[in-house]
Amino acid sequence: MNMNSTKHPQLLPLTLLAACVLATPVAAQPAPLDSTKDKVSYAIGLNVGRNLKANGFEIDPALIARGLEDIMADKAPAMSEEEARTVLNAYQMELRQKAEEKRREAAQGNRDAGRAFLEENAKKDGVKIHEVTLPDGTRSAFQYKVLKQGDGERPKDNHQVTVHYRGTLIDGTEFDSSYSRNEPASFGVTGVIKGWTEALKLMPVGSKWQLFIPSELAYGDQQRGPQIAPGSTLVFEVELLATKGPEPIVSDIIKVPSAEEMKKGAQIETIKAEDVERLKKEAAGKK
C-alpha cells in the first residue's frame, strides 16, 4: 500500500532555455519538419512549452527566441547574467507563493466538504465514532461501520498485517484497491496513516469494516498522488486477513561447565542462535 507531496514550479536555467527554444522567428506558415535537426528542435520546443505552461509561466515566446538568438549569435544580451538570475529567482518565489496559496485554499475547501460529509454520515445506521489523540494533544475521530465482525486476534503496534482494501474519495472515486490487483497487501500496523493504525488495532482478524477518515488522520494538507488532494477525507473498505507479531529475538548462548565438569576437561562453548531452538525441541522430546 502506498500510503508525493505538493510540487513547486521549477524554473529552467537561462542556458537550458537558450538551448531549448527555436532559434528562428515564428514564421507565418509552419516550416516542414524534414531533417532530424528540425524534428529534434521542434520536440525540444514542445517540451519546454509544456513545462512553462504547466508551471504557470506568463512568457513571451518571441522574447525567449530573441534571448536564444542573442546567445547563439554572440550578441550583447539586453540583461546581464546577474540581472537575469535575480529576475528569475524573484519570479520563482512569486510562483511558489501563488502555488502555496492555491494549495491552502484547496485544502480548506476539501476539509469543509469532508466535515459536512462526516456530519451526515454519522447519522446513518451502524456508523460508529472512535476518538483519537493526535501527537500535538488535539483530538480527532474517525468513523467506521462493521460489515463483518471476525473473532480472531486484534493487531498490536508491532504487528504485521495482511489486508484486502479499497480506497475512495467521498464522491466515490476509487484511488487504490488491492482487490483490483487480486493480491492482498502486507505492512506494519504503524506504517500507514493514523486512521488506519487506530482502526486496525480495533479489528479482530476476519473482520471487514468500512472506514471514514478525516484528513488529519490521513494525509493532512498534502497532495498524495494525482487523485488525493490536500485536505481530503477518505473512505476505505478494509478486510483484515491476518496479523503476526514480531519474531522472537534469539541470541547465542555461552555454556559454562560446572567446576566438576571442567576438572574432567569440559570447555566453555558457544551455542549458536540457530541451534538454540533445535536443542529446545530435542530437550522437550526427551521429557
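Return the residue satisfying two criteria in turn: it lies in the range 211-256 and is surrounded by fewer than 16 Cβ atoms within 10 Å (Cβ to Cβ) and among the polar types (S, T, N, Q), and of such residues it is farthest from Y144 (Cα to Cα).
S251
Between residues in the range 99-112 that are within 19 Å of D171 (Cα to Cα) and residues that are part of a helix (DSSP H, G or I), which pairs lie under 6 Å by C-beta distance while being six or more apart or on different chains?
R111/S215
What are the residues in the range 50-80 that are closer than 21 Å to E100 by Cβ and assigned to a helix (DSSP H, G or I), if any?
N51, L52, K53, A54
Conditions (1) more than 38 Å from the chain's Cα centre (by Cα); (2) outside any strand (DSSP E or B); (3) more than 29 Å from G191 (Cα to Cα); (4) modelled with pLDDT of 80 or more, marked per residue:
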position	(1), (2), (3), (4)
A242	no, no, no, yes
I254	yes, no, yes, no
A266	yes, yes, yes, no
T270	yes, no, yes, no
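Restricting to the range 85-111, name every residue that is more than 29 Å from G231 (Cβ to Cβ) and modelled with pLDDT of 90 or more.
Within the range 85-111, R85, T86, V87, N89, A90 meet the criteria.
Within the set of pairs 6+ apart or on separate chains, which have a first residue in the range 67-80 that is on the phi < 0 side of the Ramachandran plot, a second that is among the hydroxyl-bearing types (S, T, Y), and C-beta atoms under 9 Å apart?
E69/T24; I71/T15
Only one residue in N55, N47, N89 is surrounded by 12 or more Cβ atoms within 10 Å (Cβ to Cβ) and not β-branched (V, I, T). Which one?
Working: N47 fails: surrounded by 12 or more Cβ atoms within 10 Å (Cβ to Cβ); N89 fails: surrounded by 12 or more Cβ atoms within 10 Å (Cβ to Cβ).
Just a single option satisfies the conditions, and that option is N55.
The values are calculated or read from the model by the stated rules, or taken from the named source; none is laboratory data. Being a predicted model, the structure only gives us computed values, none of them experimental. Quick reminder, even Gly has a Cβ in these numbers, built from the backbone with ideal geometry, and neighbours come from all protein chains shown.
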